[in-house]
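Remarks on the structure that follows.
The values are calculated or read from the model by the stated rules, or taken from the named source; none is laboratory data. Computed from a prediction, not measured in an experiment: that's the story for all the values here. We place every Cβ from the backbone using ideal geometry, glycine too, and count neighbours over all the protein chains shown. The protein model used for the area step is the full one, side chains on, heavy atoms only, and it has no ligands, DNA or RNA in it. Shrake-Rupley method; radii C 1.70, N 1.55, O 1.52, S 1.80 Å.
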Amino acid sequence: MATFKFDESRFRPISFTPATSRKFIDGCVYSDAGRICFQLISDGVIRITASGQGKVPGESFVTKGFQVSLMPKLAIRSGSRTVLEEWHVGDEWGARPWFDPLFEPSRDWVPRRTIVTGTLTCSDGRVCHSLALVLGAGEPIFGLGEHFGHVNKRGQTFITWSADMPSTPNYATYVPVPFIWSPRGWGLLINTYSPVYFDLGAASYDRLLIITREPLDAYLIMGSPKEILAKLYDLTGLPAEPPPKWSFGFWQSKCAYKTQDEVLSVARELRARGYPADVIHIDPPWEGNWDKYHCDTIDLEWDVKAFPRPGEMVEELHKMGFRLSLWMNPYIEPGTRLWQRLERYLVKSELGGPARPAADCQMREGAGMVDLTMPEGFQAFKEVLKDTILKYADVIKADYGEALSEDARLWNGMTGEQAHNLYPVLYMRAVYEATKEAKGYGIVWGRSGSTGVWAYPLNWGGDTPSTWEGLRQALRGLISYHASGALFASFDVGGFIGRPSDELYVRWLQAGIAVSHVRAHGTTDREPWRYAPEATLKVLRLRYRLLPYIYSESIRAIKERVPLVRPLFLEHPDDPTTYDIDDEFYLGSSLLAAPIAEEGGRRKVYLPEGEWIDFFSGEAVRGPRWLEVVHGLDTFPLYVKSNSVIPMLDHDVDHVPEGRFSGLEVHAYRASELRYPYYDDGVSATIVCSVGRCSFEGLPQGVRYAFIYH
């Protein structure tokens, strides 16, 4: 259900005042465009605001080994190397031979100049603020959330606006994040949920231009890429723990299982055929809302014709080792018991009545959304979830959330525009917290979000098409999102729209087992036995064998404040070859996956510096180098970093076992001198390797294990 995009013409300026005639006073730079203040809030982090107070040692100072100058322009250096500087050349700021294309060209009276740092009047009369920085030769830019186009954003423009416009390689994203970073040693978080305009070298390849529709408020972060992300988490938060262990198993879904008998039949078939799986998901038909309302609105009541005994269904699923996932969204159908219970907490419009979602049929239905900025409304929403859907579901799929309308007026004083990207974060937080309170663990399978949503894991990549292009989009969206701060994420195996070929389904499943969470979902059958069953069974059994490594690395990711899935450029920021690789990534610290995303089983793989061992063949290869590889359906490019250990299960299971993993098979790959932290529930141990032999330190008694050396 497409939501409406933000009108980008509202960023077009009708006047512009550059920040000239600068003076530095008490931590602030005063100019013709107003005041910008700088606060050194921690080592390597400077807050830049158009309001507030300044608090820095002086107009030049050192932090985290970086030399920072605020006059005559912002500049950061590391030794003799320029890390970042404001975009300005010449005696007169903005004096350029070209007319900035952001200005409306039909308005002859608009000053013909280039936009630098300053103050603008945007086309709708809003006072906007600009920040212009220099982009270095060949400098890549990463971040901005989940985007399905090129992961290196250099040369593109974006507006951070959460929208249901699936998989388009442009502005549209479910999870916009106004955060960018460069491997040169800087990151920039714009501290707002209002839309922000980013020109990352589109109008001028050497200029980075940011325009905000609120007073400028940004955090400038200095350090290595991993240090930048760690500081980002200091500012925005982290989950206290990974999602529950069973969630790292396989999720079976489609759009949609329509009856209780169909759900139980699929669960029994998975077990009968020996497929490991942990979660069965039911989309909107559990409520019957397509028949009742002909729309994806909610009442959170079972369709008792299709699901006559939901409690018995849940009990049987649990006996078979399955958890139940149930769908919902935040758009409440008028006239229902749910509406009556939450009506006094609904978001108001500027006219005083309930604000309608800016989304197709939900607008037509006059659906309402709970005002989650209101403490009482936030709590009431959580209590409803605990009283209804969480009485049956082990996990909630929190769909949608991108449709807060611009005419909304929130309890906390924010307008719909200001809170548009905030609302999905609050929505995910409410579902996550309600689940934590009801079940004792925190998880949400969510679609939308913005800055900080990674503290309430996890998000999946929405509605990609069931094509090879869709698989590539899913990979780019996932890598882009992890490069923007996400610790855990997923996508729909097989794509959402259409039916994949056997080959495409298997390749998508192979990609899926190499990310944090793996779920098959789409508008046609997605059961793995319907697609090359021998290959899909082998792939899923490998996923479950790898779970001790994946779960340990998930705990480690939170402890070390680094994403579980890592783009190559995050691990190798000094290797320019990695900057434009959109389809390879690390899973944890030691596995490198390069999913096959084209028909035929052939692809080129880049291996960074060091020695790598092919997981399937055992062949050792030294990087940096490109390889041309060909794989049959039963394998895919998966490499182990030399001097690593991969803890695995030594046996097949049909679902994630309760308690600690036991029966470990620890594969040591040319492990010479190594101390590897190994985590499990209640376990913090170390695998110590020296002179080709390994042992455990601190592993509780009763955990069976053996080492296998490669």
Original post:
Top to bottom by accessible area (1.4 Å), largest first, where do 420, 710, 129 land?
Top reply: 710, 129, 420
Original post:
Which value in nm describes the separation of the simple spin-label points at residue 290 and residue 529, placed 7 Å from the Cα toward the beta carbon?
Top reply: 2.4
Original post:
Taking the Cα atoms of the range 596-664 alone, what are Rg (to one decimal) and Dmax (as a whole number) in Å?
Top reply: 15.3, 42
**OP:** Mind grabbing the accessible area of residue 525 for me, 1.4 Å probe, Å², rounded to tens?
**Re:** 50
**OP:** Count the DSSP beta bridges whose two residues both fall in the range 181-301, then state the antiparallel fraction as a percent rounded to the nearest 5.
**Re:** 85
**OP:** With the Cα gyration tensor of the range 314-378 in hand, convert its eigenvalues to equivalent ellipsoid semi-axes via √(5λ) and list them largest first in whole Å.
**Re:** 31, 14, 10
Original post:
Per residue, how much space in cubic angstrom lies within the convex hull of the C-alpha atoms of the range 228-334?
Top reply: 151
Original post:
Where in the chain are the DSSP H helices whose alpha-carbon span along the long axis reaches 15 Å or more and whose Kyte-Doolittle mean is at least -0.5?
Top reply: 225-236, 260-272, 422-439, 468-483, 502-513, 547-560
**OP:** Net charge near residue 175: determine it from the other residues with C-beta under 10 Å of the C-beta of residue 175, scoring Lys and Arg +1 and Asp and Glu -1.
**Re:** -1
**OP:** Rank these residues by their accessible area, most exposed first, probe 1.4 Å: 323, 561.
**Re:** 561, 323
Original post:
Given that compact globular proteins tend to follow 2.2 N^0.38 Å, what is the ratio of the alpha-carbon Rg of the range 174-268 to that value?
Top reply: 1.68
Original post:
Semi-axes of the equivalent ellipsoid of the range 513-597: what are they in whole Å, largest first, if each equals the square root of 5 times a C-alpha gyration tensor eigenvalue?
Top reply: 27, 17, 11
Original post:
Using heavy-atom solvent-accessible surface (probe 1.4 Å) with all chains present, what is the largest-first order of 255, 295?
Top reply: 255, 295
Subject >> With all protein chains modelled, accessible area of residue 414 [1.4 Å, Å²] >> reply: 40
**OP:** For residue 348, go through the lysines and keep the ones whose alpha-carbon is under 20 Å away, minus same-chain ones fewer than eight residues off.
**Re:** 382
Original post:
Taking every DSSP beta bridge that has both residues in the chain, what percent is antiparallel when rounded to the nearest 5?
Top reply: 80
Subject >> Mean projected area (nm²) of the alpha-carbon convex hull when the range 586-710 is viewed from all directions >> reply: 8.6
Original post:
Where in the range 358-395 does the amide nitrogen come within less than 17 Å of the point 7 Å from the Cα of residue 407, taken along Cα to Cβ?
Top reply: 358-369
Subject >> Helix-only CD estimate at 222 nm, as mean residue ellipticity for the chain, using -39500 (n - 2.57) per DSSP H run (n ≥ 4) >> reply: -6000 deg cm²/dmol
**OP:** At q = 0.05, 0.07, 0.08 Å⁻¹, work out log10 I(q)/I(0) for the chain with the Debye formula, treating every Cα as an identical point scatterer and leaving solvent out; two decimals please.
**Re:** -0.25, -0.49, -0.64
**OP:** Enter the Cα centre distance for the pair the range 325-351 and the range 356-370, rounded to the nearest angstrom.
**Re:** 10
Original post:
Where the only charges are on Cβ atoms (+1 Lys, Arg; -1 Asp, Glu), what is the dipole of the chain about its Cα centre, to the nearest 20 debye?
Top reply: 1020
Original post:
Which lysines, on any chain, are close to residue 254 with Cα under 17 Å apart, when same-chain ones fewer than 8 places away are left out?
Top reply: 397
Subject >> Probe 1.4 Å - accessible area at residue 113, Å² to nearest ten >> reply: 50
Original post:
Binned at 5 Å from 0, what are the whole-percent values of the Cα-Cα distance distribution for the range 283-345, short to long?
Top reply: 4, 17, 24, 21, 17, 10, 6, 1, 0
Subject >> For the range 439-501, average projected area of the Cα convex hull in nm² >> reply: 4.8
